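Visitor: Sending over a structure as structure tokens; questions will come in a sec.
Since every read-out is calculated from the coordinates, none of them should be taken as a lab result. Just so it is clear, the structure is predicted and the values come from calculations on it, not from any experiment. Here the Cβ positions follow ideal geometry from the backbone for every residue, glycine too, while neighbour counts run over all protein chains shown.
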Amino acid sequence: MTKPILVVMAAGMGSRYGGLKQIDPVGPNGEIIMDYSIYDALKAGFGKIVFVIKEDFQEVFRERIGYRIEKLADTAYVFQKIDDIPEGIQVPEGRVKPWGTGHAVLSCRRAVDAPFAVINADDFYGAATFKLLHDYLISEAADAQGMYRYSMAGFILENTLSEHGHVARGVCKVDSEGYLEEIHERTNIKKLGDKVKYSEDGQNWSEISKSSIVSMNTWGFTPSIFGELEARFNSFFRNSSSNLLKAEYFLPEVVDSLISEKKARVKVLPSEDKWYGVTYQDDKPLVKNAICNFIKQGVYPDKLWEGINEY
């Protein structure tokens with residue numbers, strides 16, 4: 001049986017964080033968040049790691065994590081290039097950032113040929129999440145209705161907030177059978193007093209339930225997603241022509257459209273784990289403390305990769 005692939009989205013530069021947060025140490029021996037995610041993924045049964053990075057970031061990225069992962073698993077590097085866009089489209093002058101998470105996954109189309117999971121490089125998900133995704137990915141690829149059969153790890157909103165500023169989350173509606181009905185990308189969610197609210201314009205705020213199920217860009221797909229991403233990427237440019245300096249091609253929006261068109265069913269794999277991540281510099285001590293506690297509890301060894309040759 002072919003082992004699933006893990007796609008790690010690491011092309012973002014971490015503007016709110018103030019540096020290359022993807023390679024900032026959080027473990028006692030210089031481990032970064034990706035080390036723990038990949039450790040959990042390999043233990044769960046994933047067989048290949050695909051890193052999505054910026055091309056000019058490759059050398060430092062391989063030095064900080066790539067070389068040690070290459071010794072443990074089949075490893076590939078995919079470059080998310082700003083000019084990897086449909087023929088006939090021009091990159092607008094002044095555009096410097098990649099085109100978003102949908103574009104990041106589309107960039108992997110030549111490196112991924114098996115069911116795969118997608119994660120953010122700077123989020124800590126926990127071992128249970130990777131086990132859930134792995135087990136779903138190795139099941140059948142289509143259901144009785146012939147639709148794409150995808151999955152998503154669903155987290156409780158309250159468990160995914162930063163104490164130091166706003167976050168972006170895909171807010172989900174889940175049906176009684178545990179399938180995703182719709183998802184809305186909210187780019188500005190934060191705590192305001194004892195409530196959680198979101199804003200579309202930074203001025204007007206609407207309350208949202210703390211117990212809402214949200215996406216942390218933790219998905220399970222088959223390669224069928226690439227054709228859908230490519231087709232909708234063309235539509236993205238047509239619909240965003242007036243705002244291409246800032247527009248982003250969000251992965252959750254593509255998934256939402258596939259659901260509404262009845263082309264995909266997305267099983268929500270519930271997680272009650274607390275999220276840890278480094279959206280802001282002030283988040284880092286909390287992540288380091290959490291890792292330290294996990295080591296004390298025996299969840300991870302003090303020296304994560306010591307004595308491990310392969311899975």
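Visitor: Taking the Cα centre of the chain as origin and charging only Cβ (+1 Lys, Arg; -1 Asp, Glu), how large is the dipole, in debye to the nearest 20?
Guide: 200
Visitor: Another question, then. Say a paramagnetic label sat at a point 7 Å from the Cα of residue 29, along Cα to Cβ; which residues of the range 288-303 have their backbone N under 11 Å from it?
Guide: 301-303
Visitor: Once you sort the root eigenvalues of the Cα gyration tensor of the range 44-83 as a ≥ b ≥ c, which label holds: rounded (a/c under 1.5), prolate (a/b larger than b/c) or oblate (the other case)?
Guide: Oblate, because a/c is 1.5 or more while a/b does not exceed b/c.
Visitor: While we're on this one: Within the range 25-50, name every residue whose backbone N is under 16 Å away from a label modeled 7 Å from Cα of residue 67 along the Cβ vector.
Guide: 30-32
Visitor: Once you order the gyration tensor axes a ≥ b ≥ c over the Cα atoms, which shape class does the range 153-244 get: rounded for a/c under 1.5, otherwise prolate or oblate by comparing a/b with b/c?
Guide: oblate
Visitor: Let me ask something else. Is it possible to state the helix-based mean residue ellipticity at 222 nm for the chain, with each DSSP H run of 4+ residues giving -39500 (n - 2.57), the sum divided by total residues, to the nearest 500 deg cm²/dmol? What is it?
Guide: For the chain, the value works out to -7000 deg cm²/dmol.
Visitor: So, one more: Given labels modelled 7 Å from the Cα in the Cβ direction, how far is it in nm from residue 82 to residue 239?
Guide: Calculated label separation equals 2.4 nm.
Visitor: Multiplying the sequence separation of residue 292 and residue 90 by 0.36 nm and subtracting their Cα-Cα distance, what value in nm do you get?
Guide: So the extension gain works out to 68.0 nm.
Visitor: Also: Just grab the label-to-label distance for residue 164 and residue 207, each label 7 Å out from Cα along the Cβ direction, in nm (one decimal).
Guide: 2.9
Visitor: Here is a further query. Taking a 19 Å limit on the Cα-Cα distance, which of the listed pairs 210/288; 131/267; 48/296 fall beyond it?
Guide: 210/288; 48/296
Visitor: If you count, for each residue, the other Cβ atoms within 10 Å and average over each peptide, how do 33-41, 53-61 line up from highest to lowest?
Guide: Taking the mean over residues of other Cβ atoms within 10 Å, the ranking is 33-41, 53-61.
Visitor: Would you work out which of 184, 258, 129 lies farthest towards the positive end of the dipole of the chain, given +1 charges on the beta-carbon of Lys and Arg and -1 on that of Asp and Glu, about the Cα centre?
Guide: Farthest towards the positive pole: 129.
Visitor: In addition: Could you tell me the relative contact order of the chain? Use alpha-carbon pairs under 8 Å, at least six residues apart, and round to a whole percent.
Guide: In percent, rounded to a whole number, it is 25.
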